[in-house]
Amino acid sequence: MMTSQRLSRSRSFSFFAVVILLLPLLALPGCGTMNKMLAAVGLADDNSPGTPDGMVMTAMDAFNEGDYSGALKIFEELRDNFPFSKYSLLADLKTADCRYYMADYAEALALYEEFEANHPTNEAIPYVLFQMGMCSYKQIGTIDRDTNDAVVALQTFSRMLRLFPESPYTSEVKARIRAGRNFLARHEMYVAAFYVRSEEFKQAERRLGYLLATYPESDECPKAKELLAAIRSGNPPFRTWRDWIPDLSLPDWQTFASGLSMQGRGGSTDDGP
């Protein structure tokens, strides 16, 4: 019994002796040296190269410096060689992030979707859903092209708002939804103008009606109403049809963020499709 007590006291003394001896070193530069010393006495993780701790530190340094290709290589190695480490979820998420910032949106989306499927209750899911929406949002082209990426982005953002209405991304998502809906309204206006040019007025009328019914908050609505009235009155703009063509690009979402902020102080807002 006495021997056990003496051993316990000896271990406690050794622990505190090491801590006391190392305290002056905390004021010295070079956290890597300190981490290695602590690891040697069992007071910190092993940050040596090739260990999960060391790989994560190296990968995160590369990621934060914008070296996404270098970070990706390490995160993928960490996923392959240490699938059950405490950093496995981080490696999964940062692998997707690296792909995203390398503009490999299709692969990034697949990785985010895999993360959501495997960890549906993880605290990072609001961020994952936001990034999934951004993967499609970043691929939105111009209104004269296929608009599927815009549709998918809005669907993902809307699902995120339903599941996590108070997330840190809520305000930005609402603004991006408004920008995306204006983009889709511009597409309808572009198609309607094309039909006017082709003198297919019934088709133009149909597209304008769809625009007004589906995107009533859009900035294109006043122009759409004016063009629709001209067509129905029998005076379509034959020579000035180009004046009806809207800007081809995706609107800047930040202009809608300021608008939502003002609306939020005065009343409710339209949150999306």
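The values are calculated or read from the model by the stated rules, or taken from the named source; none is laboratory data. Predicted model, so just to flag it, every value in this text is computed and none were measured. Cβ atoms come from the backbone with ideal geometry, glycine included; neighbour counts cover every protein chain shown.
Within segment 165-175, the presence of at least one residue that is among the basic types (Lys, Arg), more than 18 Å from ASP243 (Cβ to Cβ), touching a residue at least 40 places away in the same chain (Cβ under 8 Å) and in contact with a helix residue (DSSP H, G or I) (Cβ under 6 Å, 6 or more places away or on another chain) is confirmed. Look at (1) assigned to a loop (DSSP other than H, G, I, E, B); (2) under 30 Å from GLU172 (Cα atoms) and you find that PRO237 fails only one, number (2).
Checked against the criterion of being in the same structural domain as LEU250 (by TED's automatic domain parsing) and either among the basic types (Lys, Arg) or touching a Cys at 6+ places or on another chain (Cβ under 7 Å) (or both), segment 147-156 contains not a single residue that satisfies it.
Tell me which residues, restricted to segment 215-237, are closer than 21 Å to ASN148 by Cα and either in contact with a His (Cβ under 8 Å, 6 or more places away or on another chain) or free of Cβ contacts under 8 Å to residues at least 24 places away in the same chain (or both). Within segment 215-237, PRO216 is the sole residue that qualifies.
With respect to ARG178, determine if the residue is touching a residue at least 60 places away in the same chain (Cβ under 8 Å), basic (Lys, Arg) and over 27 Å from LYS94 (Cβ atoms). Yes; evaluated as a whole, the condition is true for this residue.
Under the condition of being closer than 20 Å to GLN131 by Cα and part of a helix (DSSP H, G or I), the residues counted in segment 60-103 number 23. Does segment 217-255 hold any residues that are modelled with pLDDT under 80 and either exposed (fewer than 13 other Cβ atoms within 10 Å of the Cβ) or more than 23 Å from VAL191 (Cβ to Cβ) (or both), and which are they? Listed by number, the residues that qualify are PHE238, ARG239, THR240, ARG242, ASP243. Taking residues in segment 120-133 that are on the phi < 0 side of the Ramachandran plot, and partners anywhere that are of a type outside the set (A, V, I, L, M) and part of a helix (DSSP H, G or I), the pairs with Cβ atoms closer than 6 Å and at least 6 places apart or on different chains are VAL128/TYR112; VAL128/PHE115; VAL128/GLU116; GLN131/TYR112; MET132/TYR112; MET132/THR156; GLY133/THR156; GLY133/PHE157.
Looking only at segment 183-199, decide whether some residue is surrounded by 22 or more Cβ atoms within 10 Å (Cβ to Cβ), more than 30 Å from PRO237 (Cα to Cα) and either touching a helix residue (DSSP H, G or I) at 6+ places or on another chain (Cβ under 6 Å) or of a type outside the set (Gly, Ala, Ser) (or both). No, there is no match, as no residue in segment 183-199 is surrounded by 22 or more Cβ atoms within 10 Å (Cβ to Cβ), more than 30 Å from PRO237 (Cα to Cα) and either touching a helix residue (DSSP H, G or I) at 6+ places or on another chain (Cβ under 6 Å) or of a type outside the set (Gly, Ala, Ser) (or both).
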